[in-house]
1. Determine which single condition GLU108 fails, assuming it passes every other condition in (1) over 30 Å from GLU144 (Cα atoms); (2) more than 14 Å from the chain's Cα centre (by Cα).
2. GLY124 is checked against (1) at negative phi; (2) at pLDDT below 90 and fails just one. What number does that condition carry?
3. Run PHE68 past the list (1) hydrophobic (A, V, I, L, M, F, W, C); (2) crowded, with 17+ Cβ neighbours inside 10 Å; (3) more than 25 Å from ARG49 (Cα to Cα); (4) touching an Asp or Glu at 6+ places or on another chain (Cβ under 6 Å) and report the number of the one that doesn't hold.
4. In segment 1-27, how many residues are acidic (Asp, Glu), in contact (Cβ under 8 Å) with a residue 60 or more places away in the chain and more than 19 Å from ASP70 (Cβ to Cβ)?
5. Assess whether LEU23 counts as being under 21 Å from PRO153 (Cα atoms), under 13 Å from the mean Cα position of the chain (by Cα) and not basic (Lys, Arg).
6. Return the total of residues in segment 46-70 being over 14 Å from the mean Cα position of the chain (by Cα) and among the polar types (S, T, N, Q).
7. Applying the selection to segment 101-129, what residues are under 30 Å from SER55 (Cβ atoms) and part of a strand (DSSP E or B)?
8. Determine if segment 36-58 includes at least one residue that is more than 30 Å from GLU147 (Cα to Cα) and among the aromatic types (Phe, Trp, Tyr).
Amino acid sequence: MTASTEVEAVALTAAEPHFERRLRVEARAKPDTGAKMSRVDFSFKTEPRWEEPASGGSEVHPWYRVRFVDEGDGQVRDEGVIIFGEGHTPDSLNVWLKKNEEEFSRFEATYRLELDRQGPPSAGILHVTWHAVGEVLTDADHLERVEVILTQP
């Protein structure tokens, strides 16, 4: 069973280099089913694109960082960084969490997506599209008896 959010777009500039979004994931057995799950996968998928300044090439190429933070304990669960430049830059940068358990009927947590880009002296605009995906793994007999809900608290 999988759920995802709508794609959202954000522009990061040298003057406003930080963006955060909180997201709550809830995976559970539907009422009165007794279904059990064995794993929850949750990811933030981002696609950054750097628009160089209109005045020409920038001497300093910005870095871009995406972080996956667990709000329950404040720990960074995953993070990735890329540097834009004249060479090849990846089309996407994703962070994720896999939660394995013996068996469970409910999982709830709130996570925070953090997007950052280098501030001055780098210039230009970093356009980022992103969305979140939550997936629950269970045996084939339970697929229709579980659900994943993603909400913004």
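The values are calculated or read from the model by the stated rules, or taken from the named source; none is laboratory data. Model, not experiment: these values are computed from the prediction. A quick note on method: Cβ atoms are made from the backbone with ideal geometry, for glycine too, and the neighbour counts reach across all protein chains shown.
1. Failed condition: (1).
2. All conditions pass for GLY124, except number (1).
3. Here PHE68 clears every test but (3).
4. We begin by selecting, within segment 1-27, every residue acidic (Asp, Glu); these are 6, 8, 16, 20, 26.
Within this subset, residues satisfying the condition of being in contact (Cβ under 8 Å) with a residue 60 or more places away in the chain are 6, 8, 20, 26.
Add one more test, that the residue is more than 19 Å from ASP70 (Cβ to Cβ), and what stays is 6, 8.
Qualifying residue count for the region: 2.
5. Values: under 21 Å from PRO153 (Cα atoms): yes; under 13 Å from the mean Cα position of the chain (by Cα): yes; not basic (Lys, Arg): yes.
When the stated conditions are applied, LEU23 passes them.
6. 2
7. From segment 101-129, those under 30 Å from SER55 (Cβ atoms) are 114-129; that's our starting set.
Result: GLU114, LEU115, ASP116, ARG117, ILE125, LEU126, HIS127, VAL128, THR129.
8. Yes - at least one qualifying residue is present in segment 36-58.
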